[in-house]
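Report on the structure given below.
The values are calculated or read from the model by the stated rules, or taken from the named source; none is laboratory data. Predicted, not measured: the structure shown is a model, and the values here were computed from it. Backbone-built Cβ (ideal geometry, glycine too); neighbour counts: all protein chains shown. Just the protein is used for accessible areas: all its heavy atoms, side chains included, with ligands, DNA and RNA removed. Shrake-Rupley method; radii C 1.70, N 1.55, O 1.52, S 1.80 Å.
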Amino acid sequence: MYQVGPAAYYSIDVECVAIGTDHHSRAVGQIALVDQYEQVILDIVVKPDKPVVSYLTALTGLTQDIIESKGVTLANAVQQLRSCLPADAVLVGQNILQDVQWLGLKEGTDFKSCLDLAGLYRVWNPRYSSYSVFSQDHLVKALLGWDLENSQHNAALDALKSIKLFNLYQQLQRDEQAWQQAQERMLNAPPTLSFARTNPSYEGVCMGNRKTCTCGAAFFS
């Protein structure tokens, strides 16, 4: 994407490994930062300070070898992130608050504000008389035409997906007809099942789907 000025919007994505078998036992394994011009500013592997139960490789793309050979401490990684992230940046992403919490970033100090794609792309569904909220993968398949068959999640790739979706959202808001057509594509596209939905448990680790939870741990949202 052609750069016409300093970036105002950035996407952050975090991939986590499991340090326990319940769906809350996670530790940061990779952090990526992508700017509004779709440039990867930071892509860093993190080595948890607790033993890893599962690298959740099928979901994260991370392995023991990658983390052992490339991983830095979380404190080091967050320090690098803060050095790259302008204090006036607006963060965008799918459930972006979760990533912010994982990294201990503070709104008004480390960044200006954040926008959640799940909220931006929610669509009123007359069939159920309620809003439908879609996953990131559903959005990129329905709106960007990406083929995600057998693809792994990777922090840099997921951050790129988010910024592309945000850039598209800004374009769509300038064209009412195009926005209406996009909403119809989101509603009519075949559902994209999440990893947790298709894999309630992976390598003995609960993946945290509400309907198929295997660990019994609480849900807070």
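The table that follows gives values for the structure above.
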{"item": "Residue ID - nearest to residue 187 (Cα to Cα), chosen from residues in segment 80-98 that are assigned to a loop (DSSP other than H, G, I, E, B) and open to solvent by less than 90 Å² (accessible area, probe 1.4 Å)", "result": "94"}
{"item": "Pair list, Cβ under 6 Å, 6 or more apart: segment 204-217 residue without any contact (Cβ under 8 Å) to a residue 24 or more places away in the chain, other residue polar (S, T, N, Q) and in a strand (DSSP E or B)", "result": "214/201"}
{"item": "Within segment 17-55, tally of residues that are open to solvent by less than 50 Å² (accessible area, probe 1.4 Å), of a type in the set (S, T, N, Q), in a loop (DSSP other than H, G, I, E, B) and under 26 Å from residue 90 (Cα atoms)", "result": "1"}
{"item": "Checking residue 104 against (1) on the phi < 0 side of the Ramachandran plot; (2) surrounded by fewer than 16 Cβ atoms within 10 Å (Cβ to Cβ), the condition it does not meet", "result": "(1)"}
{"item": "Segment 179-221 - residue that is hydroxyl-bearing (Ser, Thr, Tyr) and part of a loop (DSSP other than H, G, I, E, B) and, of those, most open to solvent (accessible area, probe 1.4 Å)", "result": "221"}
{"item": "Any hit, segment 28-35, residues being in contact (Cβ under 8 Å) with a residue 12 or more places away in the chain, touching a Phe, Trp or Tyr at 6+ places or on another chain (Cβ under 6 Å) and among the charged types (D, E, K, R)", "result": "yes"}
